[in-house]
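Take a look at the structure set out below.
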Amino acid sequence: MCILPVNAQIEGGVIHEVTVKGSRVVQKNDGQWIYPTETELKHSTNAYSLLGKLSLNGIRVDQVGHTLTALDNRGSVSVRINDVPATVQDMLSLDMASVERIEYTDRPGLRYGEDVAYAINIVVRRPTSGYVLGTDLTHDLTRRGFRDNVFGRYNMGKSEWGVDYTLGYADQREGRVDETADYLLTDGTMRTITRRDLNNRNYSFSNIARLTYNLSDSNYVMQARFTYEGDLRPSLYHQERAIMDAVAYTAIRDDHGQTHSPAFDLYYHQDFRRNQKLTASATVTHIHTDNDNSYDEGVPYDYKVKGSSWSLKSEALYENQLKPFTLTLGLQYHQKFTKNEYSGDAMSSSLIHSSEQYLFSQLNGTLFQSLQYTFGVGASRRYYRQGNYHHNFLVFRPRVNVSYPIAPGLRLSYIYQRSQHTSQIAFVNDVALRVNSMELLVGNPDLKPTSVTEHTMRMSYNRPRLSAQLQGYAKLNHQPNMHRYFRTAENVFIDTQENQPHCNLLMTEAYARYDLIPDKLNATLIGQYFHFDNKGTDYHHYYNSLVGTMMLNAYLGHWTLTAYTDTGFRWMEGEQRGKNGLEVQLVATYQTGPCSFSLYCKNPFRAHPLVHEAELMNQNLHKLISNHDAGQGNYFGLNFTWRLSHGRKYRDINRTITFEDKDAGILKR
């Protein structure tokens, strides 16, 4: 809520204070600017807690796991602080007193990657003095696990020094997977195999350490940071009870390994005269992976993977606020080298060199005093080499946004975008892995980019207590990369990816958030209808689904109560139809001074909730897989945060960056 106290001169006296209340949401051509209320900021322990209270459309905020998930599975959620990507540690250490606004869009622009479905930019002021120390500790009460984070920041003049450390531990044993597979053999007979987990254990440690130095003035920011991430997985163990041809046997899968990933990044931003800005960043990342994998379903199958990858990601942006429009130019350069050695029963060497050069430009401004527009185009050259396979792709990405206010608080907008998507590196290698006694997972180096066309028509309405939106969305995928399942003469069932005719999606959505009692109680409702049309090489499938979400936030003095539920996304892609289980989250937070205590509850009164269910409807292979996890049912977790600060003053903005690579390029079962 924006509150502007002003003095007004009237005949016969002075009105000393006039409060003007505006909408908490300001609709922009490419998204929304959301101004958190003083109550929302005061009752938020970190950035995840704040985003959960804002009830952002299409995003599930897991305040326990510190994750943001796109409910419609369109892609990932990109989170930035002052327009630069932010880590989990940045989100946990963010000072709520410095937050000015949240910039949110569900149709990100040309700067973002092809797999980004939602973008959030948290605009904050930069601290110029003092220090802050804090902890964010989350411990499971009904299962084995914790994730603890400590951080510190010290500011003096133009300099800031920062340190973060996160330690995580998980020992999950409650998940159960049931699978029924019907294999149509070449002689016309049907072989049915059922696989049911008897017990399993997913045991892991993780740690993240970062050192940061930031130098800034009113018109420039320079930052350098070193990050180390390590993951140790002593055991990923599954014991299955399998029945094939009326014969029962036990199958055992055991995976373990470790990953080490150091990264170093530099960031620079400069404001020039005449409203010009320049931003540049570069990140070097190394990933070392060492995995051992085994599966015994009567015949042992063992292999090891030793992997190493180096990558460079860099970006440069130039912005010039001209009249009557703003010109933005961007250049991105990515280079990656991946070497993965598969030994044992999956003997292979995957040596991949990939690179991308991306250039985009766009104009945005206003016509006729009301019509906001953004016109832009991006072009990239993507190169890929593995052994005898060489590919060069030239990819174009035009984009058009227009919006027009048709009444006070009511705005109509249209977004058009055409792009091309390429598969992950792991799927374009030539490695073959055995999934079980009947199936193989095989990469395909001949995959071509997918042509994607998107249309969005949206009607939005924003008033001080009500934010509402109605939209229609169409996503047309021409020659997409989809899974293809086929049977060999030896009755081996191959899972690979191929370019196939189309995979289209139509969606309609209604969203509304209403402040039932301002600064005390608000409610959000979201309803979505999806229509999927999938045409493959030898099939044509249709599927319709409904998805609903509800959120409630209540502020009661020192207490904050939050309730969230969604039905789980239901979709179909290619020959696979899937659904996520119902999710219920309850959070109660008590805040006093620099400390806060939060009690989390997930899926109450549900002992074995469904996490995920998938059905494969191939003409030769029908498979139904369901995953139930007792650890996600009747779950309780406790979070404690503590923050000590002294002498903090703010100015301008504080930029942080993380651009490090996370993809090791390893094909997994």
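The values are calculated or read from the model by the stated rules, or taken from the named source; none is laboratory data. Small disclaimer: the values here were computed from a predicted structure and weren't measured. Glycine gets a Cβ as well: all are built from the backbone with ideal geometry, and neighbour counts include every protein chain shown. Heavy atoms of the whole protein, side chains included, go into the accessibility calculation; ligands, DNA and RNA do not. Shrake-Rupley method; radii C 1.70, N 1.55, O 1.52, S 1.80 Å.
The residue of the stretch 246-288 that is farthest from Tyr228 (Cα to Cα), among those that are more than 23 Å from the chain's Cα centre (by Cα) and β-branched (Val, Ile, Thr), is Val247. Considering only the stretch 184-200, state which residues are acidic (Asp, Glu) and more than 19 Å from Ser235 (Cα to Cα). Of everything in the stretch 184-200, just one residue is acidic (Asp, Glu) and more than 19 Å from Ser235 (Cα to Cα), namely Asp187. Can you find a residue that is small (Gly, Ala, Ser), free of Cβ contacts under 8 Å to residues at least 40 places away in the same chain and closer than 29 Å to Asp72 by Cβ anywhere in the stretch 140-161? There is at least one residue in the stretch 140-161 that is small (Gly, Ala, Ser), free of Cβ contacts under 8 Å to residues at least 40 places away in the same chain and closer than 29 Å to Asp72 by Cβ.
Here Ser78 clears all of (1) within 20 Å of Leu110 (Cα to Cα); (2) part of a helix (DSSP H, G or I) except the condition numbered (2).
Can you say whether Lys323 is modelled with pLDDT of 90 or more and of a type in the set (Lys, Arg), as far as the supplied structure shows? Spelling it out, it is not the case that Lys323 is modelled with pLDDT of 90 or more and of a type in the set (Lys, Arg).
The set of residues in the stretch 626-650 that are out of contact with any Leu (no Cβ under 8 Å at 6 or more places or on another chain) and more than 20 Å from Gly145 (Cβ to Cβ) comprises Trp642, His646, Gly647, Arg648, Lys649, Tyr650. Listed by first and then second residue, the pairs linking a residue in the stretch 24-37 that is under 13 Å from Ala468 (Cα atoms) to a residue that is in a loop (DSSP other than H, G, I, E, B) and open to solvent by 50 Å² or more (accessible area, probe 1.4 Å), with Cβ atoms under 7 Å apart and 6 or more places separating them unless they lie on different chains, are Arg24/Tyr35.
Just to be sure before I move on: is Asp271 in a strand (DSSP E or B) and open to solvent by 40 Å² or more (accessible area, probe 1.4 Å) in the structure I sent?
Working: in a strand (DSSP E or B): yes; open to solvent by 40 Å² or more (accessible area, probe 1.4 Å): yes.
Considered against the rule, which asks whether it is in a strand (DSSP E or B) and open to solvent by 40 Å² or more (accessible area, probe 1.4 Å), Asp271 comes out as yes.
Does Gly578 fit the bill of being open to solvent by less than 20 Å² (accessible area, probe 1.4 Å) and either free of Cβ contacts under 8 Å to residues at least 40 places away in the same chain or touching a helix residue (DSSP H, G or I) at 6+ places or on another chain (Cβ under 8 Å) (or both)? The answer is yes for Gly578. Among strands (runs of 3 or more DSSP E) entirely within the stretch 288-375, having at least 3 residues that are open to solvent by 50 Å² or more (accessible area, probe 1.4 Å), in contact with a strand residue (DSSP E or B) (Cβ under 9 Å, 6 or more places away or on another chain) and within 18 Å of Asn401 (Cβ to Cβ) singles out 348-367. Taken across the stretch 286-307, residues that are within 22 Å of Ile352 (Cα to Cα) and among the acidic types (Asp, Glu) do occur, with at least one present.
Report whether or not Thr560 is under 30 Å from Thr37 (Cα atoms), open to solvent by less than 20 Å² (accessible area, probe 1.4 Å) and either among the aromatic types (Phe, Trp, Tyr) or assigned to a strand (DSSP E or B) (or both). Spell out how you get there, then give the answer.
On the way: under 30 Å from Thr37 (Cα atoms): yes; open to solvent by less than 20 Å² (accessible area, probe 1.4 Å): yes; either among the aromatic types (Phe, Trp, Tyr) or assigned to a strand (DSSP E or B) (or both): yes.
For Thr560, the condition - under 30 Å from Thr37 (Cα atoms), open to solvent by less than 20 Å² (accessible area, probe 1.4 Å) and either among the aromatic types (Phe, Trp, Tyr) or assigned to a strand (DSSP E or B) (or both) - is met.
Confirm whether Thr39 is part of a helix (DSSP H, G or I) and either open to solvent by less than 50 Å² (accessible area, probe 1.4 Å) or at pLDDT 85 or above (or both). Against the criterion (part of a helix (DSSP H, G or I) and either open to solvent by less than 50 Å² (accessible area, probe 1.4 Å) or at pLDDT 85 or above (or both)), Thr39 qualifies. Scanning the stretch 439-465 for residues that are acidic (Asp, Glu) and not in a strand (DSSP E or B) returns a single hit, Asp446.
Taking the conditions exactly as written (aliphatic (A, V, I, L, M), within 30 Å of the chain's Cα centre (by Cα) and assigned to a strand (DSSP E or B)), does Leu215 satisfy them or not?
Working: aliphatic (A, V, I, L, M): yes; within 30 Å of the chain's Cα centre (by Cα): yes; assigned to a strand (DSSP E or B): yes.
For Leu215, the condition - aliphatic (A, V, I, L, M), within 30 Å of the chain's Cα centre (by Cα) and assigned to a strand (DSSP E or B) - is met.
When Thr186, Thr166, Thr128 are checked against the criterion of being more than 30 Å from the chain's Cα centre (by Cα), among the hydroxyl-bearing types (Ser, Thr, Tyr) and buried (at least 18 other Cβ atoms within 10 Å of the Cβ), Thr128 stands alone in meeting it.
Results for (1) part of a strand (DSSP E or B); (2) within 23 Å of Lys304 (Cα to Cα); (3) open to solvent by less than 50 Å² (accessible area, probe 1.4 Å); (4) not hydroxyl-bearing (Ser, Thr, Tyr), shown as yes or no for each residue.
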{"site": "Gln239", "(1), (2), (3), (4)": "yes, yes, yes, yes"}
{"site": "Arg253", "(1), (2), (3), (4)": "yes, yes, yes, yes"}
{"site": "His256", "(1), (2), (3), (4)": "yes, yes, no, yes"}
{"site": "Thr259", "(1), (2), (3), (4)": "yes, yes, yes, no"}
{"site": "Phe264", "(1), (2), (3), (4)": "yes, no, no, yes"}
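Checked across the stretch 108-122, the condition of being open to solvent by 10 Å² or more (accessible area, probe 1.4 Å) and within 23 Å of Leu599 (Cα to Cα) holds for no residue. Considering the stretch 418-433, and only residues there that are in a strand (DSSP E or B) and either out of contact with any Lys or Arg (no Cβ under 8 Å at 6 or more places or on another chain) or open to solvent by less than 10 Å² (accessible area, probe 1.4 Å) (or both), the residue that is modelled with the highest pLDDT turns out to be Ser419. Applying the criterion of at least 3 residues that are within 30 Å of Thr212 (Cβ to Cβ) and not small (Gly, Ala, Ser) to the strands (runs of 3 or more DSSP E) found wholly in the stretch 119-192 leaves 126-140, 144-156, 159-172.
Hey, can you tell me all the residues within the stretch 383-399 that are closer than 20 Å to Leu329 by Cβ and open to solvent by less than 70 Å² (accessible area, probe 1.4 Å)? Can you show your working first?
Of all residues in the stretch 383-399, those closer than 20 Å to Leu329 by Cβ come to 394-399.
Matches in the stretch 383-399: Val395, Arg397, Pro398, Arg399.
Evaluate the stretch 42-51: report whether one residue or more is open to solvent by 10 Å² or more (accessible area, probe 1.4 Å), assigned to a helix (DSSP H, G or I) and either touching a strand residue (DSSP E or B) at 6+ places or on another chain (Cβ under 7 Å) or modelled with pLDDT under 85 (or both).
Of all residues in the stretch 42-51, those open to solvent by 10 Å² or more (accessible area, probe 1.4 Å) come to 42-43, 45, 48.
This time we only want the ones that are assigned to a helix (DSSP H, G or I), so: 42, 48.
After this cut, where a residue has to be either touching a strand residue (DSSP E or B) at 6+ places or on another chain (Cβ under 7 Å) or modelled with pLDDT under 85 (or both) as well, the list is 48.
The answer is yes, given that some residue of the stretch 42-51 is open to solvent by 10 Å² or more (accessible area, probe 1.4 Å), assigned to a helix (DSSP H, G or I) and either touching a strand residue (DSSP E or B) at 6+ places or on another chain (Cβ under 7 Å) or modelled with pLDDT under 85 (or both).
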